[in-house]
Each structure stands twice: as C-alpha cells, then as structure tokens.
Amino acid sequence: MTDECRVRFDGVWKKFRKGSGYDSLRDLIPSLVKSTIRPKPSELGVNDFWALRDVSFEVGTGHALGIIGRNGAGKSTTLKILTKVLAPTLGHYSTKGRVGSLIEVAAGFHPDLTGRENVFLQAAILGLPKSKVESAFDAIVDFAGVEAFIDTPVKRYSSGMNARLGFSIAAHMDPDVLIIDEVLSVGDGAFQAKCIERMRAFKAAGVAIVFVSHNMQAISDLCDTAIHLDGEVICEGPAGEVIGAFLTSMEGSAQTATGNLASLSVEALALEDGSPARVVTPGQVLTQRLSFTTAEALADCSLSLVVIRSTDGLAVHDSSFQMNELGWDSLRPGITYHVTAKLAAHLLRGQYHFQWHLIHSPTNRWLAVLNPAAMFRVDEYRSYGGVVDLELAITGQAE
Amino acid sequence: MGFLWALLMPCLVLGASLLVRALISRGGVDPASSGEALAGPALKAWAWAFVVGSLNFSTTSLLNNINLVSKIYFPREVLPLAAVGAQIVDSLVGLAFIICLAPLLGMHWTLNLLWLFPLIGLLVLLTSGLSLFLSAANVFYRDVKYLVQVAVTFGIFATPVLFGLDSLGPTARRLMWLNPLTPVLEGLRLVTSHGSNLAYTVAAPAGGAPYWTPWALLGSAVFGVIVLAGSERYFRAHSDRFAELA
C-alpha cells in the first residue's frame, strides 16, 4: 500500500457573517446600496469574522488525523468544507476517492423517510450502485442495531439511533476517506467501542480518517497525529503531544486558583535528579515541592493529591496526608509551610496531571485547590491500553 | 386522497373557467367562444395547475430539505427539479384522465395534435427555469415564497387560463402576448378544441393583435431557453452558500 495523500487542506480561510444579515427582499434595497462597497473576499466586512484562518493539513492512506478544539473553533466547518457542503472563502482542498462522512451527529437524513429509505438515499448520493447497497443492507442495520425501527421515519428516532445509523451507513459505503464528527458524544459505551474498533479496522485497511471529538481518549487511541484548532492551527503533531498541549491550555486558567483562607503554590514537577519531568517512563520517581500559607489558625488540616488521566478525567490516584503526621497539629497564619511530595509513576502510556487540595478535615472544606499542579506524559511502547503499571514479570522454562 | 390530488386542482380551475365563460356569454359579450369544445379549456386548466404546483413546491424545496443541504454534498439542482418532476408525474395522471374523457370534451383528433409535444416541452422548460431561479432566490430572500404565491394568485388574470384570446379586446390581447405562457396555453386550446395548425397565423377579424401567431411561440421558446440558462448560472454561482445560509 503506497502512502499517498488522500485529504489535503491547503491554506483554507472561511469567512462567516455574524448577526442575522439581510434575508428578505424587504431588506434588499438598503443592502444593494451597501453592496457597491462590498469588501474583497480577503477582507472582513463589519459583521464578518474568520471561522478558519489559513488552515492546512494532509492525511495519507492508513492515517488518522484528530481535530480537537473548544466549541466554535471551526472543527465542523473544516469537515463541512472537506465534504463540499461549504465552499472555502480562500484556499484549496482536495479529497481522493469516495468520502464517507457523518457531520454534526445526525447524518444528512430526510426526516420523513424511513431508516431503510434513508440508507438508499445516502448511498445514491454517494454514487453507490443499488445492488451493492442491497448486499450491505443487513450489515448496516445490524451494525447500527436499529432492526426494529428500520421502517420508521427517522424523525422519530432518538439522537443515538440517528447517530448509529449515520455512522453505520458511512462505515459500510466502502469509503476511501472517512470523515467523522462527534459520533461518540451520543452513542452509548458499547457503540462507542464498536465505532472505534471499526475505525481502527478501516485505518488498517488504508482508509484515511479525519476524526473530530471531544473525547481525548478516543482521539489518542485512534489518531496518529492531531491538530488543535482555534480558528487557526494552534498546534499540530503526534496526537499525544497535541492533546497534552490542548489540555494545558484549557486548564491553564485554573492554575492560580486559591481559596480565601489559604494559598497553595507548587514548584515544577521534577525527576529524582532534579530535572523537570515532562515525559516519564513507568515507575520513575517524581518529586514536587509545595508551599502553603493560611490566613487564620486551622487545626487538623490535610493535603491530598489526585492524579488524573487528562484524556478522560479518570482519577488514577487519590489520597490524603494528615498534617499532624508532620507535627503540624495546627497551621498558623504568617508561617509558610514547605513540603516535598515523592511518588513513583507506576502508570502506563498517557497524559496525566496532578491536582492538589489543602483540606480542613473537621469541616471537610477545601481551603485551596491547585489544578493542574503538574502535567506529564508517560511514554512506553509495551501496552495497548490500561492505566496502571503493575510491573508484570513473566518467567518461564521449556522442558 | 392519493392520486385524486392530481385531478383536483385542474378540475377546480376548469370549473372556474366554465363559470366565468357562462357569466360572460350570458352578458352577450363573447359569442365567439361560448360554443367551444371543452378540451382546450381543460388542457389550459391542467397546464396552469402544473405551473402553480411546480412553482410552489420548487420555491421552498431547498429550505424544506435543509437537513440534506447542510449535511451532505450533492448537486443542489436536484431538489427544485425533483419538485417539478413530481408535478410532471401528477400531471401525467391528469393528462391520462383528460385523454380518457377526450370524446366527451370534443377533442379534435387531427395530426395537429402532434403540436402538443413541443407545447408541453416548452411548458416544462419555462417552469424548470423559473423553479431553479426561485428556489435559489428563496434561500437568500425568505419572502420570495410569498411573492410567488401572490404572483400565481394574480397571474391567472394575466394569463389566458379562464378565457381565450378571442374573447379579449385588441389592447388586452396585445398585453397578453407579452406573457411567455400565453402561446403555450393558447396553443393547447387551438390544437385540441379547434384542430388548428399552429404554423399559421390566425388574424383577428376586427384587426389588432392576432388571435395566434407562430412567432409568439418561437419567442416564448427563446425566452424559455434564456431563463433556464440564466437561472442555472444564478443557481450555480450561489449554490456554494446554500448550506451556510439555510
């Protein structure tokens, strides 16, 4: 299989209009006067804004590109341009081969037609012969799991059923390029897993995939590379790194959060030799120095650390440490307390971050929260999934 | 009601036209067309119902299928043309009905009936061109559909649907010839009710604009081609932005 470029996005700009604009003949006449001074495509009018600014990327056969970004970052716009639903204001794009797509969860279904009719409608639009659809029909319905309702108009489908059928159609159209937008947000767990599995199989078969999701774990599971989009490409590269950078930027604003009663600050996470810990191997020892002060005298305080897998929010570690074990039965104002935390990162591949809490135990109140207090990536190439490194060792002998 | 819908509209228009005729002839204004065979008026009513149905359905076709337009790519022309196509199917039912009743309607069975093919072809051409333009315009200006409703409501008076040109005065006739649908509808009437050959001019006995001229038919055909080409251009040029605005 040659590694040819299937999807190319080359310096694409897309302009949208804010506000309702004129959309009746009643408003046409005043607007005609204005349109004589209409700006050039490359300039912005008063109410215009750039939804995409100079976005470029390529996806080759057998590659998967993840697109991540906050709401309104232009992810769906990008996919709509790729599927020719929208035209770019400036720049070029191209796709090679048949494109299977699922945009904005509900596929392009006609609400009054039944599921069965919509399958054939979509196939016709994609240019697939009827005989081929007939042979794939059972597989489509089976994969979507909507057998009982296949002759019901899709307007009566739940959003999950809509997405299931939409994904199933896109996935059975023998695509060369698969463009999937947020299908995972409405499907249940089992279906999400099925979708990811299916997309992995496609990738292995040489299909180029462009995948938009807010589920970072799914992106990092499936995609080789990713781009962080926010109108323009903020960051691109290997999926893990881009996700890490994206999550840092998302949570960066929380870093300074402190309570009124206490303030908490940390130094950078470090390895045992004092060098900064950004990329870590399983089992490596990490240290972090903290300091905190309180505004009034407080007895029975504790410090807790939560270690979170950033991509899906899974708390892989959550424990607290009583201050009186250090002999600090009561924290007093005006004194800065320094502590050093040390732990071994028995974790598998992924992006993680720390969260520190200073807690007043009698009232169970959070005095100060620091999130994220540190971010790091664990790199290893032994595992396929999982979270914890249990230091599996296998011995054997042959007789 | 199923396929009866295909008959309802032409029957209503035909009923209205018979009523108008009865009223006019009682007043003694129009002795000329009072004894005319019904085939012509029936076909006129049928053609008018096709035009009205096509324009109404195609104008809103893009916005009514917003789900498709904003989610998947396909040639957007399909939607307004499919609306016209659906009307063609309906109209074929109506035409079959008229043909079955032809003996009762006093149809003139002559070779001149072959004129029906170019006439109906021209009708579809004119309607398709307008449909393409109106459907695209309605995406950008949402009040176009109301204008279309107004236009078809009053258009029946500016088009010889309820009456023949021979029942009009010279000035009204001249104005009526400016309507590109006039040659189609008058052609349908002359061919079926009178068995006329449309290649020959029919002069008005009292002078003024003629009852029939083949040049009007030619002009209408040229107009139809220009409208279709222009509409297709307009549609093409703006179809990029349908998904954005719809």
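Please treat every number below as a calculation from the coordinates, not as lab data. Values in this document were obtained by computation on a predicted structure and should not be read as measured data. Glycine gets a Cβ as well: all are built from the backbone with ideal geometry, and neighbour counts include every protein chain shown.
Legend: calculated FRET efficiency, A:VAL388 to A:ALA139, from the Cβ-Cβ distance at R0 = 22 Å, rounded to 0.05, equals 0.05. With the convex hull drawn over the C-alpha atoms of the protein assembly as shown, the volume per residue is 262 Å³. Model label sites at A:GLU296 and B:VAL78, defined 7 Å from Cα along the beta-carbon direction, differ in position by 7.1 nm.
For A:SER101, the residues 5 or more places off, or on other chains, whose built amide H falls under 5 Å of its own are A:ILE179. Just checking the listed ones, A:SER302, A:SER265, A:SER319: in the Gaussian network model of chain A with Cα springs under 10 Å, the one fluctuating most is A:SER319.
The mean number of Cβ atoms from other chains found within 10 Å of a Cβ in peptide A:84-93 is 3, as a whole number. Taking B:ALA158, B:ALA42, B:ALA96 as the candidate residues, the one with maximal mean-square fluctuation in a Gaussian network model of chain B, Cα springs under 10 Å, is B:ALA96. The residue list A:THR294, A:THR340, A:VAL388 was ranked by how far each Cα lies along the charge dipole of the range A:267-399 toward its positive end, using unit charges on Cβ atoms, and A:THR294 comes out on top. For a straight C-alpha distance cut-off of 17 angstrom, the aspartates and glutamates reachable from B:LYS44 (same-chain residues fewer than eight places away being disregarded) are B:GLU36, B:ASP90, B:ASP166, B:GLU186.
For the range B:131-220, dividing the convex hull volume of the Cα atoms by the residue count gives 108 Å³ per residue. From the alpha carbon centroid of the range A:184-234 to that of the range A:323-392 is 30 Å.
Loop-located chymotrypsin sites (Phe, Trp or Tyr not before Pro) across the range B:27-130 with a Cβ neighbour count of 16 or fewer within 10 Å are B:TRP109, with loop assigned by DSSP.
What order, most packed first, do the peptides A:384-391, A:214-221, A:286-293 have when packing is the mean number of other Cβ atoms within 10 Å of each residue?
A:214-221, A:286-293, A:384-391
The simple spin-label model puts a point 7 Å past each Cα toward its Cβ; for B:LEU23 and A:ILE29 those points are separated by 3.4 nm.
Scaled to the globular estimate 2.2 N^0.38 Å, the Cα spread of the range A:66-148, given as radius of gyration, is 1.30.
Inter-chain Cβ neighbour count for B:68-81, averaged per residue, equals 5 (cutoff 10 Å, partner chain atoms only). Over all orientations, the range A:319-397 has a Cα convex hull whose mean projected area works out to 8.5 square nanometres.
Of the complete DSSP H runs in chain B, those spanning 24 angstrom or more by Cα along the long axis with a mean Kyte-Doolittle score not below -1.0 are B:5-26, B:39-59, B:78-100, B:116-140, B:214-239. For the range A:173-231, the Kirkwood hydrodynamic radius from C-alpha pairs, put into Stokes-Einstein at 10 °C and a viscosity of 1.306 mPa s, yields a diffusion coefficient of 132 µm² per second. For the residues of B:134-140, the average number of beta carbons from a partner chain within 10 Å of their own beta carbon is 1. Taking R0 as 41 Å, what's the FRET efficiency between B:GLN149 and A:SER131 from their Cβ-Cβ distance, rounded to 0.05? E between B:GLN149 and A:SER131, to the nearest 0.05, is 0.40. Note on A:GLU117 and A:ASP174: their simple-model spin labels are 2.6 nm apart, each label 7 Å out from Cα toward Cβ.
Here the Debye sum runs over all C-alpha atoms of chain B as equal scatterers in vacuum, and log10 of I(q)/I(0) at q = 0.07, 0.10, 0.15 Å⁻¹ comes out as -0.25, -0.50, -1.04. Applying a DSSP loop filter and a limit of 16 other Cβ atoms within 10 Å to the trypsin sites (Lys or Arg not before Pro) in the range A:329-396 leaves A:ARG382.
Checking the cross-link filter: which lysines have an alpha carbon closer than 30 Å to that of A:LYS96, excluding same-chain neighbours under 8 positions apart? Counting by Cα, and skipping residues close in sequence, A:LYS96 has these lysines nearby: A:LYS14, A:LYS15, A:LYS75, A:LYS80, A:LYS84, A:LYS130, A:LYS132, A:LYS194, A:LYS203, B:LYS71.
Can you tell me what percent of all Cα-Cα pairs in the range B:157-204 are more than 12 Å apart?
Everything past 12 Å amounts to 62 percent.
If R₀ is 41 angstrom, what is the calculated FRET efficiency for the pair A:LYS342 and A:GLU58, using the beta carbon separation as r and rounding to 0.05? Working from the Cβ atoms, E equals 0.40. So if the hydrodynamic radius of the range A:253-384 is defined as the Kirkwood radius over C-alpha pairs, what does Stokes-Einstein give as its diffusion coefficient at 4 °C and 1.567 mPa s, in µm² per second? Reported coefficient: 84 µm²/s. Other residues within the sphere of radius under 12 Å centred on the Cβ of A:PRO111, judged by their own Cβ, net out at +1 (K and R +1, D and E -1).
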